[in-house]
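Taking it in order: structure first as structure tokens, then the write-up.
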């Protein structure tokens, strides 16, 4: 990889930052206020956002890098990205590879409604400018099937399920302790994750709490009210005995974060919570796998705006051998096998029943251990499928078969905000 476009302020993981062949080309971000405007004002301000993105991206692709052989673009966001990369590929003779992670118009529909005219226009643009590519990559078989049939895609197609980086694994007690020092006020809680033989354990007077982790974008496609209701019911059931104290750490940023965290703070005071604490944290990329590897249970609230993508957070959790309770939706079974490598739920009542069952004999975690063993038997690091394609290089056409594309790559990445086009 010899080029990488990103917005100023976004952070790459250390492994990418240290690549000698990686060149980062900063893009000018649109004002954050635009993505947080009410619906009526958002529609008026959206053209300003698109114009800023278009100028910044075109300048980078046309004038700040040599002509690439391939342009790899992740979708969404779709507008103006797909339109611009198609133009650049035509002008510079590049091959386009589209990495379909979701459908951009479906995310816009969360804010404006499926029947809104702008949503229909966005869907049409995404279909027209996303239909032709040298190669289409998909995160699910369901998405591949739908787009191939309904959008009549041109180009080769391939499903590549997301996989966690190789450094995602269970954390050691020392790693957990070291990471906990970065979160003021949480060290005592994290220290209880150390084995009873550790000298620090003697300073802990109560049994270890159960640690639940959830990562959310705080947007309507992830209904945090389900998690909030689970916490309320857990507090009630824990008072009756048989359950450990519960610490819930929520990672991520988004427009609904402040609303829900204020509601949690209110409930903790008004209802005098004694058994539950819920805190929102923001982690550096290097700390995130340590947190997942230290937790007892992960919860995914991702429902998918299109019903065709899979929650990457679950993939990360599986990489850390972390059992998961995931909100059920279409095509989730491509990743989570209910009762085998995780549990699925549709309501807050189902979620609290699952949590209570898993933690009923805590710190005896036999039921969680069974799920962890199934994750080890069915690893997420599966070999990539082999595929064949035609490569045109220096005027010579030839066939190549393998698990990767050779050549020069430029990844175009724009942030996905709630209400993005």
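Quick one: which residue in 353, 364 is at pLDDT 50 or above and under 21 Å from residue 235 (Cβ atoms)? The unique qualifying residue is 353. Taken over the stretch 264-280, the criterion of being touching a helix residue (DSSP H, G or I) at 6+ places or on another chain (Cβ under 8 Å) and surrounded by 14 or more Cβ atoms within 10 Å (Cβ to Cβ) is satisfied by 264, 267, 273, 275, 276, 277, 278, 280.
Reported count of residues in the stretch 317-333, each being in contact with a strand residue (DSSP E or B) (Cβ under 9 Å, 6 or more places away or on another chain) and within 20 Å of residue 141 (Cα to Cα), is 7. Among the conditions (1) surrounded by 20 or more Cβ atoms within 10 Å (Cβ to Cβ); (2) in contact with a helix residue (DSSP H, G or I) (Cβ under 6 Å, 6 or more places away or on another chain); (3) over 29 Å from residue 78 (Cβ atoms), the only one that residue 317 does not satisfy is (3). Screening the stretch 115-146 for residues that are in contact with a helix residue (DSSP H, G or I) (Cβ under 8 Å, 6 or more places away or on another chain) and under 21 Å from residue 331 (Cβ atoms) and picking the one that is surrounded by the fewest Cβ atoms within 10 Å (Cβ to Cβ) gives 141.
Would you be able to say whether some residue in the stretch 343-353 is in contact with a helix residue (DSSP H, G or I) (Cβ under 9 Å, 6 or more places away or on another chain) and under 26 Å from residue 176 (Cα atoms)? Yes, the stretch 343-353 has at least one match. Restricting 249, 231, 243, 226 to those that are assigned by TED's automatic domain parsing to the domain that holds residue 298, more than 18 Å from residue 303 (Cβ to Cβ) and in a helix (DSSP H, G or I) reduces the list to 231. Among the residues of the stretch 229-242, those identified as under 30 Å from the mean Cα position of the chain (by Cα) and closer than 16 Å to residue 354 by Cβ are 229, 230, 231, 232, 233, 234. The helices (runs of 4 or more DSSP H) located wholly in the stretch 252-362 that include 1 or more residues which are in contact (Cβ under 8 Å) with a residue 12 or more places away in the chain and under 17 Å from the mean Cα position of the chain (by Cα) occupy 257-270, 288-294, 312-319.
The values are calculated or read from the model by the stated rules, or taken from the named source; none is laboratory data. Quick caveat: nothing in here was measured; it's all calculated off a predicted structure. Please note: Cβ atoms are built from the backbone with ideal geometry, for glycine as well, and neighbour counts cover all protein chains shown.
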